[in-house]
């Protein structure tokens, strides 16, 4: 079919070389949510990966060819989308590739289907899977010219960051929250990586604060969501990451809490019986409270809790308590009274019990599952009442319990467009690199030898890509930028040199063989080897040497990395090897480090002056003023933080339980 | 404490639950009132070219649930459209572009009504009162400048907010026409900036409560538990009394005094959490209750002074608040109390003290509003709602007023004049970060369109020729650059200033570079820039229709090469 002339606008704006590069590119989009849908539309409309394979063939030549083990395949133009999620009603106000009839279907498949309608000739490959899966190994990532992160959680962002560093593929990281957004281009050895700036970790509450001495609404909400709810409806061995035993907890009290939880399991067995609600209520709001109250030393400077009795409260409600609770549950913006909360609790216990007994043995808390939210809101409020803490409406509790981040169509559209703009800049620089010189060895792409210093002519970092900030709530500074910053020399994630370790599937190669290979190839003196599970070899640990390497590879869930650390006095940077088990190719060694040439620079000294003297790693861009830039960035981060705070109804303590950090802006 | 269950009213009368769930993530930003305003909006998109910025804008408004939208476009779908417009499909070929786009946009949200008008713009505009049904107009460039002028003139008469936008290559911009008085009550200021506890001007009920809570503190008669639960507001008030005794009745005002005062507070207890909270609050909470100059300016505006039977509610309330301010030397109390360490019962008491004072203040303002209504014989149908007065009082310290101004339209044979903005814009010319160069380049681009197009129905007429779209883009570049440089020179002359070399040469060079980029794109859009512009415009539309947040006033440009926006007031 004579296809429309889609080039006119693109060709005139981008020019021929870049248009060609865009059309023959193969890109990965991780996440098909708010930003993901918009990025996909942009990619499709801008012609990414639209070149039919038949006309193609140039690009394959640039693929890594250092080893016989790396298959030299022409890179097929196209867009690959990975998303684990299914579609929810609350997505439809912004994730425009989805309609009501798509609810509960996989986002990746529906996104592909809808986007393909625009142009059936685009090459979209959809994966309904987790990006942590083993199939998405370093080689998989090496198959792309560019990766877009459109994720909603810290763990996946960090994982893709690491995979892109290992594969030496540029990454465009993005996120939104409310009216704010951020885009960051990342390239190994050229820019900061996602982990160069530490992210605040999720705050874990001391177990005793949650279970014995709550003083804030959030403590009661966490108790209801992460303790009571899973004990009643979840898997029994549920342990939550936001509550942990800390130094502040007394061992004695922790032991008693275990007994308490055990007793609750007995109550759980009453589920379905008419007295279930009463049993639960009296257990957690009377018996447990009385036990706490009896520990007088705990209440010397605190007001002791006041226990409640189910019978006494219920007698004061002059209605069918479950029906009454059902009606109240729809009024989620009013703060329920003590009795109202009891009614809603009874109603939610009733609904959840029958769900649990009709084919849903395990129910997980989900902020968008109204039954579970009703339970958590009413139980949290009742506990707040017991401890003399102000009550809140279900609407407010939802935000605190679910770490809800406001999300709107406009911010996603803006952020996604900015992502693609940065993609153009990076691809332009790739196009130039392709014309000018051969791609430098992937593993030599270290901070001390950036491309620009090698060719001796200053060129903007990544084709002039920037860190871009969106704040459409403001008017004066809606879209602003900051120059990209060189990698942090001591970043544990991007300062190592990444390489691959190919292990034949049927080999008997042992750890000993690897140690010998590394000594010979890298010239190590003393060194250690670490896997996800811990240290497996160091100069004093030789027990594992006879173990077969394939054991380590198969023990790891997902993708396995092995870190080699130089233990000498003047250490080189770490070497991170991604292990690949391969079916045997004839004539190849059973154990191979790829590439053959590995040159590890020395680890940077601790003293900052020395870092400053390293030649060639300064960003050649004249506009970059590191101090001003850092200040700007801090301001922008504060903006983002501020927005999060605002999003959390102004409750600073709630902010701390948010599992994500500053540039981990979220939109589910 | 026997409590019979209260009658349960129907769930949120404005937003039924399923809808609430779908719009949950946005309701947390603009609330039910913003959502209702959005749903009462009818947007008209006037689209004459193949660009998709308008469609992308609509997409971002259909998703959050705008009430109605209409696309006015007489073109028929061509192959080229299929290549750029995500909201068209192969089967759309040969059908009306407006109708097809409306159909596919409506698929995004069954709650939204879309309409298509396929009548040619030049006849459509000749009908009487043709824009009356719409609450907001979007006009996409390129457009016949005489028609654009007619749209703007009618929109001004009807006070309909109007956006005019461009998207060419890596660049885009939009101009906004808002009514001459566009007040915003709900500006969503930073919550940390809004806490107003009146600690320097406490009223009797608050002092009484403070005495109850802090009685015996100095004598050491309070038990540990009571002491640890004195709300920090009371602590500060308590120590302020002490301070006044030691300082001739004066309050801590300067930074040094406040720091000194903080030491006094700290001396009360070195460890307790509520003392920590009190110390942390000293610098930001001890503010005199005086409004900013911009708020006073609004309260004193002629609209608030000269009221009549049709004066909008905002100005009636502003008049009453001004009256309140003259009387009490402070604005009505907002009434919110931040979270703090306290016994639940005390916290609720404290909340009630602030709430009832806020209610009293609002009631006083309301009484004055009613008196005004009577004095001007205002019809009861137009009576100001109590809730509106309450809202105004809550946000009084952060109200904002936009004085909407018409945007400049380049007409064939007419010189571009900047009028009272000439001096300010000439200043912009010398600012390295300003995007005035882009503004002028787009103005020159429009001038080229105005001088090279003639209505299609005239003999030899060539509808809307944009620079760079023909064979000879170098000639077009030269022409547009010439126009842009003339605009620069006239602006400098109009402002009565002088810009000398090398600055003058540099700014002309900058303008030339923008022009070159615009002409090189030949009127073609880059999809992601159109999408971004659609996001920016939609965001501003939401601000305008919800009357929340502070909108752009009145031009915003986007430079894709630098990935940044800039705003100008013209």
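What are the residues in the stretch B:1-19 that are at pLDDT 50 or above, at the interface with chain A (Cβ under 8 Å from one of its Cβ atoms) and either in a loop (DSSP other than H, G, I, E, B) or in contact with a helix residue (DSSP H, G or I) (Cβ under 8 Å, 6 or more places away or on another chain) (or both), if any? The one that is at pLDDT 50 or above, at the interface with chain A (Cβ under 8 Å from one of its Cβ atoms) and either in a loop (DSSP other than H, G, I, E, B) or in contact with a helix residue (DSSP H, G or I) (Cβ under 8 Å, 6 or more places away or on another chain) (or both): B:18. Restricted to the stretch A:271-293, and to residues that are more than 19 Å from residue A:224 (Cα to Cα) and touching a helix residue (DSSP H, G or I) at 6+ places or on another chain (Cβ under 9 Å), which residue is nearest to the other protein chains (Cβ to nearest Cβ)? Filtering the stretch A:271-293 for residues that are more than 19 Å from residue A:224 (Cα to Cα) and touching a helix residue (DSSP H, G or I) at 6+ places or on another chain (Cβ under 9 Å), the one nearest to the other protein chains (Cβ to nearest Cβ) comes out as A:293. With the requirement that a residue be loosely packed, with under 12 Cβ neighbours inside 10 Å and under 30 Å from residue A:321 (Cβ atoms), what does the stretch A:249-262 give you? Selection gives A:262 alone.
Residue-by-condition table, conditions (1) within 25 Å of the chain's Cα centre (by Cα); (2) assigned to a helix (DSSP H, G or I); (3) within 23 Å of residue B:368 (Cα to Cα); (4) modelled with pLDDT of 90 or more:
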| position | (1), (2), (3), (4) |
| --- | --- |
| B:277 | no, yes, no, yes |
| B:281 | no, yes, no, yes |
| B:290 | yes, no, yes, no |
| B:297 | yes, yes, yes, yes |
| B:327 | no, yes, yes, yes |
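Of all residues assigned to the stretch B:111-130, at least one qualifies as being over 22 Å from residue B:163 (Cβ atoms), surrounded by fewer than 15 Cβ atoms within 10 Å (Cβ to Cβ) and within 30 Å of the chain's Cα centre (by Cα).
Can you name every residue in the stretch A:99-118 that is part of a helix (DSSP H, G or I) and either more than 10 Å from chain B (Cβ to nearest Cβ) or more than 19 Å from residue B:87 (Cα to Cα) (or both)? If you could, list the steps in order and put the result at the bottom.
Initially, the stretch A:99-118 is screened for residues part of a helix (DSSP H, G or I), giving A:100-102, A:107-118.
Result: A:101, A:102, A:107, A:108, A:109, A:110, A:111, A:112, A:113, A:116.
Filtered by the rule that a residue be over 20 Å from residue A:45 (Cβ atoms) and in contact (Cβ under 8 Å) with a residue 24 or more places away in the chain, the stretch A:93-116 gives a lone residue, A:93.
Among the residues of the stretch A:476-485, which ones are assigned to a loop (DSSP other than H, G, I, E, B) and either facing chain B (nearest Cβ under 7 Å) or touching a helix residue (DSSP H, G or I) at 6+ places or on another chain (Cβ under 6 Å) (or both)? Correct list: A:476, A:478, A:484. Would you please name the residue that is farthest from the other protein chains (Cβ to nearest Cβ), looking only at residues in the stretch B:329-347 that are surrounded by fewer than 18 Cβ atoms within 10 Å (Cβ to Cβ) and part of a helix (DSSP H, G or I)? Checking each candidate, the answer is B:345. Listed conditions (1) at the interface with chain B (Cβ under 9 Å from one of its Cβ atoms); (2) under 23 Å from residue A:214 (Cβ atoms) are all met by residue A:267, apart from (1). Residue B:352 meets the conditions (1) modelled with pLDDT of 90 or more; (2) part of a helix (DSSP H, G or I); (3) under 30 Å from residue B:311 (Cβ atoms) in every case but one. The failed one is (3). The selection criterion, being at pLDDT 90 or above, part of a helix (DSSP H, G or I), within 13 Å of chain B (Cβ to nearest Cβ) and within 30 Å of residue B:515 (Cβ to Cβ), holds for residue A:18.
Tell me, which helices (runs of 4 or more DSSP H) lie completely within the stretch A:294-397 with 1 or more residues that are within 33 Å of the chain's Cα centre (by Cα), closer than 27 Å to residue A:208 by Cβ and at the interface with chain B (Cβ under 10 Å from one of its Cβ atoms)?
Correct list: A:370-386.
The conditions of being at the interface with chain A (Cβ under 8 Å from one of its Cβ atoms), touching a strand residue (DSSP E or B) at 6+ places or on another chain (Cβ under 6 Å) and either farther than 26 Å from residue B:422 by Cα or surrounded by fewer than 18 Cβ atoms within 10 Å (Cβ to Cβ) (or both) are met by residue B:521. For the stretch A:500-511, the condition holds for at least one residue, the condition being that it is under 30 Å from residue A:604 (Cβ atoms) and surrounded by fewer than 22 Cβ atoms within 10 Å (Cβ to Cβ).
Could you say which residue among B:392, B:314 is away from every other protein chain (no Cβ under 14 Å), over 28 Å from residue B:210 (Cβ atoms) and in contact with a strand residue (DSSP E or B) (Cβ under 6 Å, 6 or more places away or on another chain)? Let's see the steps before the verdict.
Details: B:392 fails: in contact with a strand residue (DSSP E or B) (Cβ under 6 Å, 6 or more places away or on another chain).
Residue meeting the stated conditions: B:314.
The conditions of being surrounded by fewer than 16 Cβ atoms within 10 Å (Cβ to Cβ), on the phi > 0 side of the Ramachandran plot and not assigned by TED's automatic domain parsing to the domain that holds residue B:139 are not met by residue B:381.
Condition test on residue B:50, is it in contact with a strand residue (DSSP E or B) (Cβ under 9 Å, 6 or more places away or on another chain) and modelled with pLDDT under 95? Please lay out each step first, then the result.
Values: in contact with a strand residue (DSSP E or B) (Cβ under 9 Å, 6 or more places away or on another chain): yes; modelled with pLDDT under 95: yes.
Here the answer is yes, as residue B:50 does meet what is asked.
At least 3 residues being in contact with a strand residue (DSSP E or B) (Cβ under 6 Å, 6 or more places away or on another chain) and buried (at least 20 other Cβ atoms within 10 Å of the Cβ) is the threshold, and among the helices (runs of 4 or more DSSP H) wholly inside the stretch A:119-229 those reaching it are A:154-167.
If you go through the stretch A:503-554, how many residues are assigned to a loop (DSSP other than H, G, I, E, B) and on the phi > 0 side of the Ramachandran plot?
Step one: filter the stretch A:503-554 for residues assigned to a loop (DSSP other than H, G, I, E, B), giving A:505-509, A:523-526, A:532-533, A:539-540, A:542-547.
Filter again for on the phi > 0 side of the Ramachandran plot, leaving A:523.
Adding up the residues that qualify gives 1.
The combined condition, being at pLDDT below 95 and within 14 Å of chain A (Cβ to nearest Cβ), is not fulfilled by residue B:200.
Can you tell me which residue among B:222, B:206, B:200, B:217 is outside any helix (DSSP H, G or I), out of contact with any strand residue (DSSP E or B) (no Cβ under 7 Å at 6 or more places or on another chain) and touching a residue at least 60 places away in the same chain (Cβ under 8 Å)? Explain how you work it out, then say what you get.
Details: B:222 fails: touching a residue at least 60 places away in the same chain (Cβ under 8 Å); B:206 fails: outside any helix (DSSP H, G or I); B:217 fails: touching a residue at least 60 places away in the same chain (Cβ under 8 Å).
Selected residue: B:200, the only one of B:222, B:206, B:200, B:217 that is outside any helix (DSSP H, G or I), out of contact with any strand residue (DSSP E or B) (no Cβ under 7 Å at 6 or more places or on another chain) and touching a residue at least 60 places away in the same chain (Cβ under 8 Å).
Which of the residues belonging to the stretch B:46-68 are away from chain A (no Cβ under 14 Å), under 30 Å from residue B:21 (Cα atoms) and either more than 20 Å from the chain's Cα centre (by Cα) or assigned to a helix (DSSP H, G or I) (or both)? Steps first, please.
The first filter runs over the stretch B:46-68 and keeps only residues away from chain A (no Cβ under 14 Å), leaving B:46-48, B:67-68.
Okay, now just the ones that are also under 30 Å from residue B:21 (Cα atoms), so B:67-68.
Scanning the stretch B:46-68 gives a single hit, B:68.
Every condition in (1) under 37 Å from the mean Cα position of the chain (by Cα); (2) farther than 30 Å from residue B:149 by Cα; (3) in contact (Cβ under 8 Å) with a residue 40 or more places away in the chain; (4) away from every other protein chain (no Cβ under 14 Å) holds for residue B:258 except the one numbered (3).
The values are calculated or read from the model by the stated rules, or taken from the named source; none is laboratory data. Note that the coordinates shown come from a computational prediction; the quantities given were computed from them, not determined experimentally. FYI the Cβ positions are ideal-geometry reconstructions off the backbone, even for glycines, and counts take in every protein chain you see.
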